[in-house]
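Read the structure below first, then the notes.
The values are calculated or read from the model by the stated rules, or taken from the named source; none is laboratory data. As the structure is a computational prediction, the values presented were derived from the model and not from experiment. Cβ placement follows ideal geometry from the backbone for every residue including glycine, while neighbour counts extend to all protein chains displayed.
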Number of protein chains: 4
Amino acid sequence: MSRLSTALLGGTGVVGQRLAELLARHPWFKLKAVYAGKTAGLKYQEVKWHSEPPAEVADLEVLRLEDFNGGYDVVFSALPSEVAGRAEEHAAEAGCAVFSNASSHRMDPDVPLVVPEVNPEHLELITAQRKLRGWSGLIATDPNCTTVGLVMALKPIASEYRIRAVRVATLQAASGAGYPGVPSLDLIDNAIPYIPGEEEKIAREARKILGELDGGRVKEADIRVEAACNRVPVLDGHLECVFIETEEPVSPDHVMDLLREFRGLPQELKLPTAPDQPIVVLEHQDRPQPRLDRGAGSPPGMSITVGRVRRGSSAASLLLTLLVHNTIRGAAGCALLLAELAAEMGWLS
Amino acid sequence: MSRLSTALLGGTGVVGQRLAELLARHPWFKLKAVYAGKTAGLKYQEVKWHSEPPAEVADLEVLRLEDFNGGYDVVFSALPSEVAGRAEEHAAEAGCAVFSNASSHRMDPDVPLVVPEVNPEHLELITAQRKLRGWSGLIATDPNCTTVGLVMALKPIASEYRIRAVRVATLQAASGAGYPGVPSLDLIDNAIPYIPGEEEKIAREARKILGELDGGRVKEADIRVEAACNRVPVLDGHLECVFIETEEPVSPDHVMDLLREFRGLPQELKLPTAPDQPIVVLEHQDRPQPRLDRGAGSPPGMSITVGRVRRGSSAASLLLTLLVHNTIRGAAGCALLLAELAAEMGWLS
Amino acid sequence: MSRLSTALLGGTGVVGQRLAELLARHPWFKLKAVYAGKTAGLKYQEVKWHSEPPAEVADLEVLRLEDFNGGYDVVFSALPSEVAGRAEEHAAEAGCAVFSNASSHRMDPDVPLVVPEVNPEHLELITAQRKLRGWSGLIATDPNCTTVGLVMALKPIASEYRIRAVRVATLQAASGAGYPGVPSLDLIDNAIPYIPGEEEKIAREARKILGELDGGRVKEADIRVEAACNRVPVLDGHLECVFIETEEPVSPDHVMDLLREFRGLPQELKLPTAPDQPIVVLEHQDRPQPRLDRGAGSPPGMSITVGRVRRGSSAASLLLTLLVHNTIRGAAGCALLLAELAAEMGWLS
Amino acid sequence: MSRLSTALLGGTGVVGQRLAELLARHPWFKLKAVYAGKTAGLKYQEVKWHSEPPAEVADLEVLRLEDFNGGYDVVFSALPSEVAGRAEEHAAEAGCAVFSNASSHRMDPDVPLVVPEVNPEHLELITAQRKLRGWSGLIATDPNCTTVGLVMALKPIASEYRIRAVRVATLQAASGAGYPGVPSLDLIDNAIPYIPGEEEKIAREARKILGELDGGRVKEADIRVEAACNRVPVLDGHLECVFIETEEPVSPDHVMDLLREFRGLPQELKLPTAPDQPIVVLEHQDRPQPRLDRGAGSPPGMSITVGRVRRGSSAASLLLTLLVHNTIRGAAGCALLLAELAAEMGWLS
């Protein structure tokens, strides 16, 4: 097929640039336009890049977000949440299929919040969304970067054990705050025990994603989720220490098998951006480490890594540590995989 | 009174140097000798210092640990645990009062493991210890640096609430691994999700410290403790994210009051190294931060700081973040305060 | 005497806060007002502080720079250079003695650019300045932070050797870029070999400061100065590797003596902020180091440290490494010492 | 041809591992054995790796260096200099062609010290070496990592200008100190202005490499070289600020052309590890930066990058900043390219 005409809203931030890289040679989507705020008017390669700008799109002119007026099959949104909400609705009204990394619509009851390996069936919400909003387009969202890693690890466990409570403490990379993001003066010889809004997002998004589709809406999972989020002096890769309580006794060895063997619909459909193995289990007790493991999977950064799976203080208590590349699997790559899934499932036609 | 004659075993490591600094102008203890392994024969100021060597002890010759033969009122031990056990026993046999930062004897049933504000009454174990071992001296220990911060925060809460379970995830500073400790190649742009032995120490030491003295021995507290420990690129100051489950509903505001108002026996006795306020509660939601808050209290680093006290996912669930200066309150300062307490309570005579 | 009424323009930045700290308990100057841009209206303690706000000024309301209208004996300016020029002229017109850390007026022929130990006699330019501009006030400036350290080390050498050329390569701390300054994403696992405008400033400011007063104006020193400036992941403290060519053979030992024995007018006058020893010579070959040595002197950070004084590839070639605390001796402390000097020399009456 | 049988001495250090990676799929050399000190007996993949161990050699058993007894066509040495000297002589006596990254033999008059693009003709020293030492094998060396970058940038300039003096100040990465190398406690929020032996190596090695072969020996270049070396908190990539004095006026634009167009014998011979363009000239004034540019070239890390080429304080003065990947182009890759060059020039037969 000829590639779908694609636009990128918010293409100049940290996540937008990752999307551009992943889209540069994509077999299904052709990036035709990049929209942004302050840098409109520059060539795409002239904005501040955090890696080499991909040659395929280096010469695109950055367009003004206000001038966006639809006309694309697919729209990716990496906009800041202050402006994302309205712009994405506008795009969906104009008939575009919008895949968003912004938080604005994630918790709307008629908007799917999806990690493709975890809850692909939630895309069914689009039916209600189109009916309710009268759109020919659609909005589908991916979760907060930290949530992505968490629900990927929980899903295979939840398939065999009833999870009662999850506590997660995170060590999050600087790139999660965007650019310029966290000043050096705040992060040299330091860590910051607070990330605005993050803990609430993890709790409510995880419950929605792990919830069940029930009569055209999602019934949230009945799992207690508590989070404590910290920023650390690391470039990329969020580390998450997870304490899991189950209803019944849980075996760490069995859980490691479940994680290793976990495959989802993207793997089954052999989607272009789907890693063969979504979860890589590491056996060295000092892994995963952000710098060593954030590039796991193929495309690099699309697999999460899990280590230190161990029993807690009771038979129904399990601890593990996971790592998710926050701007790839946790953001750009997740949105792209979601678009591929929606395309393959027929939602774009 | 004239100052008590004091020796320092393992005086050249990170904790040993902190002890020397704190002892340099101490009103009760006079540091007369420093014993160490490889650097014996050098002047104390000639070993690798991590700050300025205190003038009072700069010219002491570092003595060989093998040549230690007692003859001091007080002995502080900051030895590596491989050699600490036997050396400390030897000192106690020789009639010295040994205050140890090493892990070797912490869990011995007849050895007090004490944070002076938390469980001063456990020093009573010395009676049994002397009887059992036939010593005129004694061994008393302080806990692992991470445990010190944890039990200090838990104690005032436990005074009003029954704590059922504690999960703690830590972000620990490089100095906790000693010197040379963690190579730069392992910690630049990275975090390490594992610290050998640390998680087990936290669990078992916290239960002993919070336990009750019962007929000459300690009955461990019936609290589930789970820990996940991480090393981060920070010089000093361990950050701990604590998830607490109580039996009954818990009020964050009430807990903040309890923490703020907490005072222990060292404060009552006005011990020289006791901070006026053992726990400083910070109200900015992005605090405590290691670099900004590790020097809290007077002497600097002797108070822990606590922030982000908040309700979890149920009424009986509480979250907070604490910071403990690992080499001061968590080690050298804690040992020194313990010695002061023991002296004041009459155990040294 | 009663303390001089003092205002601080640009008091909320990194250097402004250092000035406030140094002024908090100053015997001669009383800080009465703080002016700033965006944060006007807040209490001073409510702006983002990089250390604890001094209690003496914590409750001052931050005033709008546009509302500044003179009425102070002394004005310190830590304004960004875009707005400093006009505001400082305005203050001098209004009769204030302005001591500025901004670059706007440094190279004006009638404005003294002074490091108090190095060229106090340049204050004489004020006579011409007042005549030319018709002011009752005055403007005097201190140099760029890197230049301060450089000319302090060169001055005693220049007193005995004719210096032909100076090449300096710097490793500059993040705080030199202000706050928010350098993003973490640019400085983790990285260094940046460029600081806008810095190299030119070093060359021309050093030549002015080391120049001679000649008939009411400064004749620049005939020294070739070349600089290469780099940003490194350090909080405070600029390290400078200096290659010096002299006309005649130079002895490292002699130079070390010259540096150690160097005293200036501030020491002679016993100014409150003058360190006893402006230059501390370190003998360990791996010093000075930013974290260990930036606090040298009293007040802390007011002395520079010099180490590794050694011969180069010819008898008339000398190398050394120096460290200057960029926000204290290199900025806030230098401006304050300059004001003390001007006061003591009678320029304020 | 069938691949040459190859051994790696000192294969478990930082440079040794890089060599193993580069050799893993090498078309000419087949890595058959790895020798090391303390880790002998382990499988190669079981030693501490700083990246993924290459599958081709993961199962090799690490052999004891003392058991090395020749029997290979080619031997790479990444041994510490304390043991390298004798071991390499032993290998050359045994008929092996030894390519060494150690400093032991670099300054021997009959041992070539070669950067393949810069002074390939120096391999001719092997004739004298074999005669003198009676070896059928040979020893050829590559220089210190910092020197490699420096002489690569100087060579094309020296081809058109007479260079009188070179001053270089470096910001060197932690990996240059090997593993464990620099402790985190020494490098967080810090820089160290001293690297033992490094400055002397740069001066004397650069003069030898840029020297001319004259009657079977190298006549050192008559260039004054001065160096000031610093360690900074960066993983890989040494940054060098270079001040160059020439006899005649020098044009930065011309120099940039010379650097860009520079090609050597490895490029002409299309050696497998030769980058197409040995020197990449960057035009953004804030480049090169270690993290962004250390991977330049193909294979990644084999090109040096140069930026900020600018005039100094006179017409015959030039400044530039260069970056060399210290463990690849500066060490492992340089040794490998040297072996390829020697093989292609017929020295191995």
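Condition first: part of a loop (DSSP other than H, G, I, E, B) and either buried (at least 18 other Cβ atoms within 10 Å of the Cβ) or aliphatic (A, V, I, L, M) (or both). Now tell me which residues in region C:51-66 satisfy that. Answer for region C:51-66, where residues must be part of a loop (DSSP other than H, G, I, E, B) and either buried (at least 18 other Cβ atoms within 10 Å of the Cβ) or aliphatic (A, V, I, L, M) (or both): C:PRO53, C:PRO54, C:ALA58, C:LEU60. Within region B:11-50, the set of residues being among the polar types (S, T, N, Q) and surrounded by 21 or more Cβ atoms within 10 Å (Cβ to Cβ) comprises B:THR12, B:GLN17. Among the candidates A:VAL111, A:VAL115, the residue that is over 27 Å from A:HIS254 (Cβ atoms), part of a loop (DSSP other than H, G, I, E, B) and modelled with pLDDT of 95 or more is uniquely A:VAL111.
Here B:GLY264, B:GLY216 are screened, and the one residue that is of a type outside the set (S, T, N, Q) and surrounded by 19 or more Cβ atoms within 10 Å (Cβ to Cβ) is B:GLY264.
The set of residues in region A:81-98 that are assigned to a loop (DSSP other than H, G, I, E, B) and either at pLDDT below 95 or touching a strand residue (DSSP E or B) at 6+ places or on another chain (Cβ under 6 Å) (or both) contains only A:CYS96. Every condition in (1) over 18 Å from A:THR141 (Cβ atoms); (2) assigned to a helix (DSSP H, G or I); (3) modelled with pLDDT of 95 or more holds for A:VAL15 except the one numbered (1). Taken together, C:ALA221, C:ALA191 contain a single residue that is in contact with a Lys or Arg (Cβ under 8 Å, 6 or more places away or on another chain) and either among the hydroxyl-bearing types (Ser, Thr, Tyr) or facing chain D (nearest Cβ under 9 Å) (or both), which is C:ALA191.
Looking at A:ARG294, is it at pLDDT 95 or above and within 30 Å of C:PRO183 (Cβ to Cβ)? Against the criterion (at pLDDT 95 or above and within 30 Å of C:PRO183 (Cβ to Cβ)), A:ARG294 qualifies. Checked against the criterion of being under 13 Å from C:TYR194 (Cβ atoms), assigned by TED's automatic domain parsing to the domain that holds D:GLY264 and touching a Pro at 6+ places or on another chain (Cβ under 7 Å), region D:294-303 has no qualifying residue.
For region C:156-189, the set of residues classified as more than 30 Å from C:GLY312 (Cβ to Cβ) and of a type outside the set (A, V, I, L, M) consists of C:SER175, C:GLY178, C:TYR179, C:PRO180, C:GLY181, C:PRO183, C:SER184, C:ASP186, C:ASP189, listed by residue number.
Just give me the residues in region B:210-243 being assigned to a loop (DSSP other than H, G, I, E, B) and at pLDDT 95 or above, in sequence order. Listed by number, the residues that qualify are B:LEU210, B:GLY211, B:GLU220, B:ALA221, B:ASP222, B:ILE223, B:VAL232, B:PRO233, B:VAL234, B:LEU235, B:ASP236, B:GLY237. Screening C:ASN69 with (1) surrounded by fewer than 21 Cβ atoms within 10 Å (Cβ to Cβ); (2) assigned to a helix (DSSP H, G or I); (3) among the polar types (S, T, N, Q) gives one miss only, at (2).
Within region B:268-288, is there a residue that is in a helix (DSSP H, G or I) and either modelled with pLDDT of 95 or more or under 19 Å from B:SER100 (Cα atoms) (or both)? Yes - at least one qualifying residue is present in region B:268-288.
For first residues located in region C:96-110 and charged (D, E, K, R), partners that are crowded, with 18+ Cβ neighbours inside 10 Å and lie 6+ apart or on another chain with Cβ distances below 6 Å form the pairs C:ARG106/C:LEU113; C:ARG106/C:THR141; C:ASP110/C:LEU125; C:ASP110/C:GLN129.
Could we say that D:ARG130 is without any contact (Cβ under 8 Å) to a residue 24 or more places away in the chain, more than 20 Å from the chain's Cα centre (by Cα) and within 16 Å of D:TRP347 (Cβ to Cβ) here? For D:ARG130, the condition - without any contact (Cβ under 8 Å) to a residue 24 or more places away in the chain, more than 20 Å from the chain's Cα centre (by Cα) and within 16 Å of D:TRP347 (Cβ to Cβ) - is met. When region D:294-313 is limited to residues that are among the charged types (D, E, K, R) and crowded, with 22+ Cβ neighbours inside 10 Å, the one that is farthest from D:ASP253 (Cα to Cα) turns out to be D:ARG294. Would you pick out the residues in region D:21-49 that are part of a loop (DSSP other than H, G, I, E, B) and either of a type in the set (Asp, Glu) or over 30 Å from D:LYS270 (Cβ atoms) (or both)? Answer for region D:21-49, where residues must be part of a loop (DSSP other than H, G, I, E, B) and either of a type in the set (Asp, Glu) or over 30 Å from D:LYS270 (Cβ atoms) (or both): D:GLY37, D:LYS38, D:THR39, D:ALA40, D:GLY41, D:LEU42, D:VAL47, D:LYS48, D:TRP49.
One residue is enough: does region D:316-325 have a residue meeting the conditions at positive phi and either among the hydroxyl-bearing types (Ser, Thr, Tyr) or outside any strand (DSSP E or B) (or both)? No: zero hits. Residues that are aliphatic (A, V, I, L, M) and either surrounded by fewer than 24 Cβ atoms within 10 Å (Cβ to Cβ) or at positive phi (or both) within region D:103-117 comprise just one, D:MET107.
Inside region C:53-73, can you point out the residues that are farther than 20 Å from C:THR327 by Cβ and either touching a helix residue (DSSP H, G or I) at 6+ places or on another chain (Cβ under 8 Å) or not charged (D, E, K, R) (or both)? C:ALA55, C:ASP59, C:LEU60, C:GLU61, C:LEU63, C:LEU65, C:PHE68, C:ASN69, C:GLY70, C:GLY71, C:TYR72, listed by residue number.
Does B:ILE192 satisfy being within 23 Å of A:CYS229 (Cβ to Cβ) and of a type in the set (Val, Ile, Thr)? So B:ILE192 fits the description; yes. Looking across region B:152-173 at every residue that is surrounded by fewer than 24 Cβ atoms within 10 Å (Cβ to Cβ) and of a type in the set (Val, Ile, Thr), the one that is nearest to the other protein chains (Cβ to nearest Cβ) is identified as B:ILE163.
Table: residues versus (1) at the interface with chain A (Cβ under 9 Å from one of its Cβ atoms); (2) under 20 Å from A:ASP286 (Cα atoms).
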site	(1), (2)
B:SER175	no, yes
B:LEU185	no, yes
B:ILE209	no, no
B:CYS229	yes, yes
B:ASP236	yes, no
B:GLU261	no, no
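Considering (1) within 28 Å of C:VAL306 (Cβ to Cβ); (2) hydrophobic (A, V, I, L, M, F, W, C); (3) assigned to a strand (DSSP E or B); (4) out of contact with any strand residue (DSSP E or B) (no Cβ under 6 Å at 6 or more places or on another chain), the lone condition that D:LEU185 does not fulfil carries the number (3).
Within region D:269-280, identify whether any single residue is within 13 Å of chain C (Cβ to nearest Cβ), without any contact (Cβ under 8 Å) to a residue 60 or more places away in the chain and more than 26 Å from D:TYR161 (Cβ to Cβ), and answer yes or no. Checking region D:269-280: not a single residue is within 13 Å of chain C (Cβ to nearest Cβ), without any contact (Cβ under 8 Å) to a residue 60 or more places away in the chain and more than 26 Å from D:TYR161 (Cβ to Cβ). Is it the case that D:GLU199 is assigned to a helix (DSSP H, G or I), within 19 Å of the chain's Cα centre (by Cα), farther than 16 Å from C:ASN230 by Cβ and at the interface with another protein chain (Cβ under 9 Å from one of its Cβ atoms)? In short, yes.
Suppose the filter is out of contact with any strand residue (DSSP E or B) (no Cβ under 9 Å at 6 or more places or on another chain), more than 10 Å from every other protein chain (Cβ to nearest Cβ) and either surrounded by 24 or more Cβ atoms within 10 Å (Cβ to Cβ) or at pLDDT below 95 (or both); does B:ALA339 pass it? Considered against the rule, which asks whether it is out of contact with any strand residue (DSSP E or B) (no Cβ under 9 Å at 6 or more places or on another chain), more than 10 Å from every other protein chain (Cβ to nearest Cβ) and either surrounded by 24 or more Cβ atoms within 10 Å (Cβ to Cβ) or at pLDDT below 95 (or both), B:ALA339 comes out as no.
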